[in-house]
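Everything below concerns the one structure shown next.
Just so it is clear, none of the values below were taken in a lab; they were calculated from the coordinates. For clarity, every value in this text was computed on a predicted model and none was experimentally measured. With ideal geometry, Cβ positions are generated from the backbone for all residues, glycine too; neighbour counts draw on all protein chains shown.
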């Protein structure tokens, strides 16, 4: 089987590369390190690309920009895939406002290029699109909440499992990133519903893992561990640090892609995150990092929250579990943090 992975040096993309390479499949990665363009040298994923190329058997990287329509069409024409894992994106909620054209061209136009290339040259391929919970904008904030000592919590027991796929995606504040990802999300659905392409849309919560090149503007947990281990200052933006996120380790995301690819449901949408069991507030994550690794976070509380940011977001995983009962969360938040702390400490030791 031939698998094309976009954003192959990034967090989810690299996990997908490792997964299908280990199965003996041919894996072609599309990655041109745009993350360094978005976030500067500290956001570069070249280190991960080099590691992947050294540690895999059937993988190669193509330095190609997903905005390059002719380049994408040529690749799919010459090497049609059996499976497409689309993870490439401008990923920052905040950065998008400074680069609106680039953000939309990468997230929306790039996704359209990939969908159309698949339709023309690989119409039987499964296509997994990595979307985001930011397509809901700030609509999740309309749920009644209760303020507890260390977190915000849903006040209504009916909301216990979190946000499901029926949450509206319009008439909310998204950020420009959320808007461009909504365009891509709906287009991926449409290629499934209109053309019958085997598209699946996965609306991610907080995606994380030890291979994340986290920066202040993207990669919350990775960046938090980085500042904890290195002793750098950290600013929490609004909500008293009690905002809740559900963390999912990248390999669990890839297992969901695999389940979908084995039994595609064209145009279907799934919320995917750590769910109730992996949900924690920023303050609770800080406490857990100190408990596990002994690293005290030097943080300050900012008064202003990020525009359109979620106060309490937990992914309701019941639909995904219902349609793909072989899938479930395997990596706990504690295990994620143990891996990330060990990785960050190793980097520090190597540098020192």
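Just a few scattered comments:
- Percent of beta bridges antiparallel (DSSP, the chain, rounded to nearest 5): 15
- Residue-averaged [θ]222 nm for the chain, counting only DSSP H segments that reach four residues, each worth -39500 (n - 2.57): -11500 deg cm²/dmol
- Against the empirical 2.2 N^0.38 Å (N residues), the stretch 16-79 has a Cα radius of gyration ratio of 1.21.
- Kirkwood hydrodynamic radius over Cα pairs of the chain, then Stokes diffusion coefficient at 10 °C and 1.306 mPa s, in µm²/s: 78
- Order by protection proxy (mean Cβ within 10 Å, highest first), peptides 100-111, 224-235: 100-111, 224-235
- Seen against the Cα atoms of the chain and their longest principal axis, helix 69-78 is set at about 60 degrees.
- Mean Cβ count within 10 Å, highest first, over the residues of peptides 112-121, 140-149: 112-121, 140-149
- Span from the the stretch 233-272 Cα centroid across to the the stretch 332-347 one, whole angstrom: 18
- With q set to 0.19 Å⁻¹, the log10 of I(q)/I(0) for the stretch 148-289, from the Debye formula over equal scatterers at the Cα positions, is -1.32.
- Using only alpha-carbon positions in the stretch 143-205, the gyration tensor eigenvalues give semi-axes of 30, 14, 10 Å once each is multiplied by 5 and square-rooted (largest first).
- Part-to-part distance (alpha-carbon centres) for the stretch 80-150 and the stretch 10-64, which is given in Å: 18
- Residues of the stretch 157-192 with amide N under 20 Å of the 7 Å Cα→Cβ point at residue 318: 157-169
- Largest-first ellipsoid semi-axes for the stretch 157-241, taking √(5λ) over the Cα gyration tensor eigenvalues, angstrom: 31, 17, 14
- Å³ per residue enclosed by the Cα convex hull of the stretch 101-226: 150
- Crossing angle, helix 333-351 versus the chain [Cα axis fit, 0-90 degrees, rounded to tens]: 90
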